[in-house]
Amino acid sequence: MEVSEISEQIGVYQFGERVGDTQRMQAAGALFYGISSGLKAGRSHRVTFGLLYEDQDVFLAGATNLEADEIRTRKLVAPFVQWSSVSDQFLNARNFDLIGFTEDIETGLVHNLRLAISPSMLGGDQDRLQVSASAGMAVLASQKGLLRWDVSVGGLRDLERDETQDIVFSAGIRGLYKPTARAGYHVSLNFDVARNLMTGQQLFLGGETGARGYIDRLQAGDRRLRLRVERRQYLDRNLFGLMNLGWLVFADAGRAWTPDDVTGRRGQSLMDVGLGLRLAPTKAERGKMIHLDFAVPVKNRNDPLVGDYEFVVSIQNGF
């Protein structure tokens, strides 16, 4: 059983500047029951049946006397079925995405498929179909590194209006090669698409969202392509018994855009190079890491919104 209630403001950005806000209020919950026959031949399957509920309102933050067509609403009461499968294949390694800890890295094929139908006769505001799916596995995995791919897609179909809503697609591939126990080369390539989101959320590039040599959210759109190349060093040092240390040299490249956006001049790709320091607390939640990155832009240097350098501080999962 799951229950949640959310009230939040979502910023709308253009060239790094917050130009508006969207207010979202959501109450949601799910009741479900799963059946599994356990681990057989190194793989476990589970079928889950349930009922989900969602009541969501989205409107312009701060607005008053809103007309009915200025408020976007959605109500789902949807029976669903989900099929999940995992394999009992793991790699025990050190100094992959963490520093100084043993990591259990899932290497076998993992996939999920969920189908939900929300008919108006059960209390939903429209007849809707909701689908989500994900899959991923490591193609190569050893103490010397790994090569892994992941893909996911989800969204809704309004059967009465014959239109899609909240379509989100993500695909990525990452590789890590470790010539020694304390050095590694990491490359990742990710492509994301978000279409017709009810909240109007955007995909960003710049600062914490990639392209660390540029201001945060310099580019925004409904498509994003990101490439990251890193040379990692895992240090055999501990800061006062509280943090494990690492550093890296990196390069970022990518672009966030909307095909029909005619604003033009900042729709080109971004590229930067830089140095980073990683602080991995030993007393905090496992996997959380402090990122300190100094980066210099390589492209768009004549743009008035692009500085000579950027210093980015963030807390993220892993290296």
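Please go through the stretch 236-257 and pick out each residue that is surrounded by fewer than 17 Cβ atoms within 10 Å (Cβ to Cβ) and touching a residue at least 60 places away in the same chain (Cβ under 8 Å). Lay out the reasoning, then the answer.
So in the stretch 236-257, the residues surrounded by fewer than 17 Cβ atoms within 10 Å (Cβ to Cβ) come out as 236-242, 247, 249.
Answer for the stretch 236-257, where residues must be surrounded by fewer than 17 Cβ atoms within 10 Å (Cβ to Cβ) and touching a residue at least 60 places away in the same chain (Cβ under 8 Å): just Asn238.
May I ask you to verify whether Arg266 is at pLDDT below 90 and crowded, with 20+ Cβ neighbours inside 10 Å? So Arg266 fits the description; yes. Gly124 meets each of the listed conditions (1) assigned to a loop (DSSP other than H, G, I, E, B); (2) surrounded by 18 or more Cβ atoms within 10 Å (Cβ to Cβ); (3) touching a Gly at 6+ places or on another chain (Cβ under 8 Å) apart from (3).
Test Thr64 against the stated conditions and say whether it is over 30 Å from Leu140 (Cα atoms) and at pLDDT 95 or above. No. Looking only at the stretch 203-216, residues that are in a loop (DSSP other than H, G, I, E, B) and either modelled with pLDDT of 90 or more or in contact with a Pro (Cβ under 6 Å, 6 or more places away or on another chain) (or both) come to 7 in all.
Among the conditions (1) of a type outside the set (D, E, K, R); (2) over 23 Å from the mean Cα position of the chain (by Cα); (3) at pLDDT 95 or above; (4) surrounded by fewer than 17 Cβ atoms within 10 Å (Cβ to Cβ), Phe80 misses just one, which is (4).
Residues that are among the small types (Gly, Ala, Ser) and over 13 Å from Gly206 (Cα atoms) were ranked within the stretch 283-303; the one that is modelled with the lowest pLDDT is Ala284.
Yes/no matrix, rows are residues, columns are (1) surrounded by fewer than 18 Cβ atoms within 10 Å (Cβ to Cβ); (2) closer than 26 Å to Pro297 by Cα:
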{"residue": "Lys144", "(1), (2)": "yes, no"}
{"residue": "Glu163", "(1), (2)": "yes, no"}
{"residue": "Lys178", "(1), (2)": "no, no"}
{"residue": "Leu189", "(1), (2)": "yes, yes"}
{"residue": "Ala194", "(1), (2)": "no, no"}
{"residue": "Thr209", "(1), (2)": "no, yes"}
{"residue": "Gly213", "(1), (2)": "no, yes"}
{"residue": "Tyr234", "(1), (2)": "no, yes"}
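Taken over the stretch 235-263, residues that are among the hydrophobic types (A, V, I, L, M, F, W, C), at pLDDT 95 or above and over 14 Å from Met289 (Cβ atoms) amount to 4. So, in the stretch 24-48, of the ones that are charged (D, E, K, R) and at pLDDT below 95, which residue ends up nearest to Ser85 (Cα to Cα)? The extreme case among them is Arg43. Taking the condition charged (D, E, K, R), at pLDDT 85 or above and within 30 Å of Ile167 (Cα to Cα), does Arg223 pass? Spelling it out, Arg223 is indeed charged (D, E, K, R), at pLDDT 85 or above and within 30 Å of Ile167 (Cα to Cα). Only strands (runs of 3 or more DSSP E) whose full extent lies in the stretch 2-112 are considered here, and the ones with at least 1 residues that are aromatic (Phe, Trp, Tyr) are 2-14, 17-40, 43-60, 72-87, 90-94. For the stretch 187-234, a residue qualifies if it is aliphatic (A, V, I, L, M) and either within 22 Å of Gln56 (Cβ to Cβ) or in contact with a His (Cβ under 6 Å, 6 or more places away or on another chain) (or both), and the qualifying residues are Val193, Ala194, Leu197, Met198, Leu203. Of the set (1) more than 30 Å from Pro281 (Cβ to Cβ); (2) of a type outside the set (Lys, Arg); (3) modelled with pLDDT under 95, all apply to Thr102 but (1).
The set of residues in the stretch 100-140 that are within 30 Å of Ala183 (Cα to Cα) and acidic (Asp, Glu) comprises Glu103, Asp104, Glu106. A count restricted to the stretch 156-208 and to residues that are of a type in the set (D, E, K, R), within 30 Å of Arg18 (Cα to Cα) and without any contact (Cβ under 8 Å) to a residue 60 or more places away in the chain stands at 4.
Among the residues of the stretch 86-106, those identified as touching a residue at least 40 places away in the same chain (Cβ under 8 Å) and not charged (D, E, K, R) are Val86, Ser87, Gln89, Leu91, Ala93, Asn95, Phe96, Leu98, Ile99, Gly100, Phe101, Ile105.
The values are calculated or read from the model by the stated rules, or taken from the named source; none is laboratory data. Keep in mind that what you see is a predicted model, and the values were worked out from it rather than measured. Here the Cβ is made from the backbone with ideal geometry for all residues, glycine too, and neighbour counts use every protein chain on show.
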